[in-house]
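Data first, discussion second: the structure below is written as structure tokens.
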Amino acid sequence: MRETELPEFPFTAADGSSDRARIARLRDEQPISRVLLSGKPVWLVTRYAEVNAVLVDTRFSLARAAHPDVPKLGTFELPPGLILATDPPEHTRLRKLVAKVFTARRIEQLRPRVQEVTDRLLDELAGMTPPVDLIEHFTAALPIEIICEMLGVPDADRPSFQDWTERILTVSGLPVEEVRAGWTELSDYIAELVDDKRRSPTEDLLSLLITARDEDDRLSEEELVLFGLALLNAGHETTKNQLANSVALLLDEHPDQWRRLVEHPGLIGPVVDELLRYSSLEAFQVGLPRVATATVELGGVTIAEGDTVLISLSSANRDAAAFDSPDEFDPARQPNRHLAFGNGVHRCLGAQLAKIELETGLGELTRRFPQLRLTDAELPWKTGGFVRGLHELRVEW
């Protein structure tokens, strides 16, 4: 097929629904296909085996994809130097700096604090007159409070993050200048916070990174700011939306599973894993672009050095070759080797914290509000964002 005849990706610019259907067909018929992204030919990888292979193969570079000449998904782009836009050995050095904070033992010690915040937020919710927006009063408030405590962000500054995050995660609908302004404003805020903590250090993650910068010379000043920015965003936006989307899915499409959780709270772990597999956060069905740094044979296709590759975690998680009856919501699924947190060196650093927040948040909602129900017949899904989420989730009980 000539380049001019390749289909333009995203296949739709609205809510991603036609992307889902078309990508599912590609997974069955042509799991590694050519499409146009911003007018340039790229590879689209949709099958579990090949998606996982790209995730674990360091020859597929996220750093190279940050180059201005590499096609982007609309206006969404990462600043060079952000940990999500680095490769080993730079990525290895940066990740090691915070790895000791994100060990399984240290993160598990946060479970009681997550429980405390959850209990307080749900106490406040119980005192409100429904209908109430669950995102505003719970699913956004929980993860942002935890990550802000970890980083040492003052309480009064937390409301500012929503606007910045909305802008920097935009794919379509905003001018690129406005998106970049969001990155700049958030970076400036982190830089000011760093200055404050230099004068008055505390026992938090950002102070730890400042020590690595000032005493050990293991970070540049720019890396320090970008690190704080990445952790702040990654620590709340994905979990906020996954928790809200999970509640919406259970109440709207699988009320029997909601009732089952009410009656059997011990099932929360497998339910959360199945929600992660089944309910994708990829609004346009793909993740961050990667660029091949060498010629790679992938699933019988030759990917040339310099080629851009898009992978679909959501498609991989619905692959019948990897999951029995993949389009069924089945919390009893064993094993459940979903790729919602990625894989390889870039596997989500906060995966365990996210699972604790999801398990605690969803588990306590079903316990405290067993009769929770949606008030809107149509859910107001956002359009144009990189992360799939709702404008609001109005509920009553």
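Placing unit charges on the Cβ atoms of the charged side chains and taking the dipole of the chain about its Cα centre, the candidate lying farthest along the positive direction among Thr202, Ile144, Val54 is Val54. Beta bridges assigned by DSSP with both partners in the chain are antiparallel in approximately 80 percent of cases. Taking the Cα centre of the chain as origin and assigning +1 to Lys and Arg Cβ atoms and -1 to Asp and Glu Cβ atoms, the resulting dipole is close to 1000 debye.
Bridgeable lysines around Lys240 (alpha carbons under 23 Å apart, same-chain partners fewer than 8 residues away excluded): Lys355, Lys382. In percent, rounded to a whole number, the relative contact order of the chain is 26, using alpha-carbon pairs under 8 Å and six or more apart. In sequence order, the stretch 188-201 has phi-based couplings of 4, 5, 4, 4, 5, 5, 4, 4, 4, 6, 5, 6, 9, x Hz under the Karplus curve 6.51 cos²θ - 1.76 cosθ + 1.60, θ = phi - 60°, and Gly or Pro positions carry x. Once Rg and the Kirkwood radius are both taken over the C-alpha atoms of the stretch 304-397, their ratio Rg/Rh works out to 1.02. Every helix of 4 or more DSSP H residues in the chain counts as -39500 (n - 2.57), and over all residues that averages to -14000 deg cm²/dmol at 222 nm. Label-to-label distance for Asp157 and Glu203 is 2.1 nm, based on points extended 7 Å past Cα in the beta-carbon direction.
The loop-placed trypsin sites (Lys or Arg not before Pro) in the stretch 329-378, going by DSSP, that have at most 16 neighbouring Cβ atoms within 10 Å of their Cβ come out as Arg337, Arg347.
The three principal axes of the C-alpha atoms in the stretch 277-345 carry coordinate ranges of 42, 25, 21 Å, sorted with the longest axis first.
Over every Cα atom in the chain, the radius of gyration and the widest Cα-Cα span, Dmax, amount to 20.9, 62 Å. Amide H contacts for Leu37 (H built 1.01 Å from N in the peptide plane; partners 5 or more residues away or on another chain; cut-off under 5 Å): Phe9, Val42.
Between Thr12 and Ala104, full extension at 0.36 nm per residue minus the direct alpha carbon distance yields a gain of 29.1 nm. For the stretch 122-135, the Karplus equation 6.51 cos²θ - 1.76 cosθ + 1.60, evaluated at θ = phi - 60°, returns couplings of 6, 4, 5, 4, 4, x, 8, 9, x, x, 9, 7, 5, 5 Hz by residue, with Gly and Pro reported as x. Using the Cβ-Cβ distance between Asp214 and Ala294 with R0 = 30 Å, the FRET efficiency computed as 1/(1 + (r/R0)^6) comes to roughly 0.20.
Every number in this text was worked out from the coordinates using simple rules, so none of it is lab data. Because the structure is predicted, anything quoted here is derived from the model rather than measured. Glycine also receives a Cβ, built like all others from the backbone with ideal geometry; neighbour counts cover every protein chain displayed.
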